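The values are calculated or read from the model by the stated rules, or taken from the named source; none is laboratory data. Since the model is a prediction, treat every value here as computed from it, not as a measurement. Counting neighbours? That spans all protein chains shown, and the Cβs are built from the backbone with ideal geometry, glycine included. What goes into the accessible areas is simple: the full protein's heavy atoms, side chains included, and nothing from ligands, DNA or RNA. Shrake-Rupley method; radii C 1.70, N 1.55, O 1.52, S 1.80 Å.
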2 protein chains.
Amino acid sequence: MPDSSFREIRDLALFSQMADENFSALMRGAYVQNFPAQIELITEGDPSDFLHVVLSGSVDLFSAWNDRETSLATVRPISTFILAATIKDAPYLMSARTLEKSRIALIPSQDVRAVFDIDGNFARAIVTELAQCYRSVIKAQKDLKLRTSLERLANYLLRQQRRAGGAASFDLDFEKRRLASVLGMTAENLSRAFKGLQPYGLEVDGTRITVTNQAEFERFAKPNPLIDDGST
Amino acid sequence: MPDSSFREIRDLALFSQMADENFSALMRGAYVQNFPAQIELITEGDPSDFLHVVLSGSVDLFSAWNDRETSLATVRPISTFILAATIKDAPYLMSARTLEKSRIALIPSQDVRAVFDIDGNFARAIVTELAQCYRSVIKAQKDLKLRTSLERLANYLLRQQRRAGGAASFDLDFEKRRLASVLGMTAENLSRAFKGLQPYGLEVDGTRITVTNQAEFERFAKPNPLIDDGST
DNA sequence: TCCCACGATTGATAATTGTCAAGCCAACAA
DNA sequence: TTGTTGGCTTGACAATTATCAATCGTGGGA
């Protein structure tokens, strides 16, 4: 594994506090690979052989049942995914595919579990990471169960606006069909939802979004830190 | 804290492997309390002062937004809740209320975090617990996004049937209005959903459920271990 | 015993969301 | 340039789900 990737991973909160020798042990069995877009990295139900770290690009976590499919999350650099499956030595609950050309580090799950057993700092870092993940999913759950699709879209846009720096105009960071899936609706419905938000101060031009009336838009969206704040 | 409660808690996977002295330290600040039914134990948004352990009775975890409310989970003995908030020292994402007369142990979050920092076994146990919780929520998410309400109900009934021992007849373990909320639908819809499942081999008499045609019912429900299995 | 409270059910209706088919448009390759 | 592809949009329609109002039934409490 090249030194630069090594450094990037070491700097992750998950790995930064562990003992040098344990980190080295983890990296010995690890390797970095470049994947083109639209490659299925893992398939739900498979045993969790590797902990994955997205170094560049982006990865879609999705799941299918009975001919239906839904996106559950997007993983962006630098972060890991399927940590829970790795720790529990349980099958993946989600499939993963690259959204674009991506560089991914693969760390054998076995090694992760072994180091987890002997390195308290690593174990504690994992706790923090898992607690964070858990709370994110709970928020997503509340978003889904408490809001209509129009409200989910409005709040998604506010979150995206904030991530993009807070300006009135910003770009969507992925294609609308996937956004629809993430928000739990069809692409057609998303299209109509964008229209439905215009009366509340939204303008859409392709992938370019402009909030023309921030106050009115927020009055409609009613964002809530216990659902929409990424940090807590 | 009475010895019996002490023992029950000690036997939980979360606490069973930690050092005696650390467990004692945790228990010193803890106390057990009896609550009547319908008491709000915690409120979302509040700081997480205590890790809760349900010793008897049951607790509903729910959340509200914009005058709507939804049940996210039910906690039954013997298990803990709001572990993630405690660990992260972050506000509760859900409110909790007793569904019936319940005995709850309260362990100061501060103590939990302190012991977590010094006891590797405790930290590892927390990881396992959090990973389990995380995967449960992911399954719930998939259930919500991939299935219609009829399908969610059918699969819920199959899970409940299994929990109850697998016999064709079994009882619902809580009132229908709450079941509706858990399944993400209205009580009226649930009522109709029960009717809608009759053609697939289901009989309902009040709280008594009978699967009259197991094969046909499962053919409709299409249960999937990656959504419906509690263990993995 | 009767009455009340409360959850469950039902019917009527409306809102929301999904499905299907067609058309639009920009990107891209021949 | 032309043709093709794929994503996005639109319209018409159907299915699903929610809302509102009324009723039913059961289990306490007076």
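Considering only GluC sites (Glu not before Pro) in DSSP loops that have at most 16 other Cβ atoms within 10 Å, the longest stretch of chain B without any of them is B:1-99.
Using a 7 Å projection from Cα along Cα-to-Cβ, the label point at B:Gln38 is separated from the same position in the remaining copies by 5.8 nm, smallest value first.
Taking all Cα pairs closer than 8 Å and separated by 6 or more residues, the relative contact order of chain A comes to 19 percent.
Treat every Asp and Glu Cβ in chain A as -1 and every Lys and Arg Cβ as +1, leave all other atoms uncharged, and give the resulting dipole magnitude about the Cα centre to the nearest 20 debye.
On the way: 28 positive and 30 negative charges, 157 e Å.
Once rounded to the nearest 20, the dipole reads 760 debye.
Taking each residue of A:223-230 in turn, how many C-beta atoms of other protein chains fall within 10 Å of its C-beta, and what is the average?
Values: counts 0, 6, 3, 10, 4, 0, 2, 0.
Across the residues of A:223-230, the mean count of other-chain Cβ atoms within 10 Å is 3.
What separates the Cα centres of the range B:9-55 and the range B:160-232 is a distance of 32 Å.
Just check the range A:77-135 against the gyration tensor rule for me: Cα atoms, a ≥ b ≥ c as the square roots of the eigenvalues, rounded for a/c under 1.5, and otherwise prolate or oblate depending on whether a/b exceeds b/c. Since a/c reaches 1.5 and a/b is larger than b/c, the shape of the range A:77-135 is classed as prolate.
Of all the options B:Asp60, B:Asp143, B:Asp119, the one that moves most in a Gaussian network model of chain B with Cα springs shorter than 10 angstrom is B:Asp119. For the segment B:140-151, counting C-beta atoms of other chains within 10 Å of every residue's C-beta and taking the mean gives 5.
Amide H to amide H, with H built 1.01 Å from N, A:Tyr31 comes under 5 Å of A:Leu106, counting only residues 5 or more places away or on other chains. Taking a point 7 Å from the Cα of B:Gln110 along the Cα-to-Cβ direction, the residues of the range B:1-31 with backbone N closer than 20 Å to it are B:1, B:22-31.
Here is the size of the range B:39-86 from its Cα atoms: Rg then Dmax, 11.2, 33 Å. The residue list B:Asn224, B:Gly57, B:Leu83 was ranked by how far each Cα lies along the charge dipole of chain B toward its positive end, using unit charges on Cβ atoms, and B:Asn224 comes out on top. Karplus-based coupling profile of the range B:79-87, in residue order and whole Hz: 7, 9, 9, 6, 5, 4, 5, 4, 5, with θ = phi - 60° in 6.51 cos²θ - 1.76 cosθ + 1.60 and x standing for Gly or Pro. Computed over chain B, the per-residue total of -39500 (n - 2.57) for DSSP H runs of n ≥ 4 gives a 222 nm mean residue ellipticity of -13500 deg cm²/dmol, rounded to 500.
Partner shielding of B:59-71 amounts to 3, given as the average count of beta-carbon atoms from other chains within 10 Å of each residue beta-carbon.
In percent, rounded to a whole number, the relative contact order of the range B:147-228 is 36, using alpha-carbon pairs under 8 Å and six or more apart.
Residue ranges A:86-96, B:153-163 sort as A:86-96, B:153-163 when ordered by packing (mean number of other C-beta atoms within 10 Å per residue, highest first).
When a/c reaches 1.5 or more, the comparison of a/b and b/c decides; with that in mind, is the protein assembly as shown rounded, prolate or oblate per its Cα gyration tensor? Intermediate values should be presented prior to the final figure.
Numbers: a/c = 1.39, a/b = 1.02, b/c = 1.36.
Since a/c stays below 1.5, the shape of the protein assembly as shown is classed as rounded.
For B:Gly57, nonlocal amide neighbours, meaning residues 5 or more places apart or on other chains whose placed amide H falls under 5 Å from its own, are B:Arg103. Taking the range A:106-133 and a reference point 7 angstrom along Cα→Cβ of B:Thr128, the backbone N atoms nearer than 19 Å belong to A:109-131. Summing Lys and Arg as +1 and Asp and Glu as -1 over all other residues whose Cβ lies under 9 Å from the Cβ of A:Glu151 gives a net charge of +2. Rounded is the label for the range B:147-228. Its Cα gyration tensor axes, ordered a ≥ b ≥ c, give a/c under 1.5. Close amide H contacts of B:Phe50 (hydrogens built in the peptide plane, cut-off under 5 Å, sequence separation of 5 or more or a different chain): B:Ser109.
Spin-label model, A:Asn189 to A:Asp49: label points 7 Å out along the Cα-to-beta-carbon direction sit 3.7 nm apart. Computed with a 1.4 Å probe over protein heavy atoms only, the accessible surface of the protein assembly as shown comes to 43 Å² per residue. The phi-based Karplus calculation (6.51 cos²θ - 1.76 cosθ + 1.60; θ = phi - 60°) puts the 3J(HN,Hα) values of the range B:42-56 at 9, 10, 4, x, 6, x, 8, 7, 9, 7, 9, 10, 7, 9, 7 Hz, whole numbers, x for Gly and Pro.
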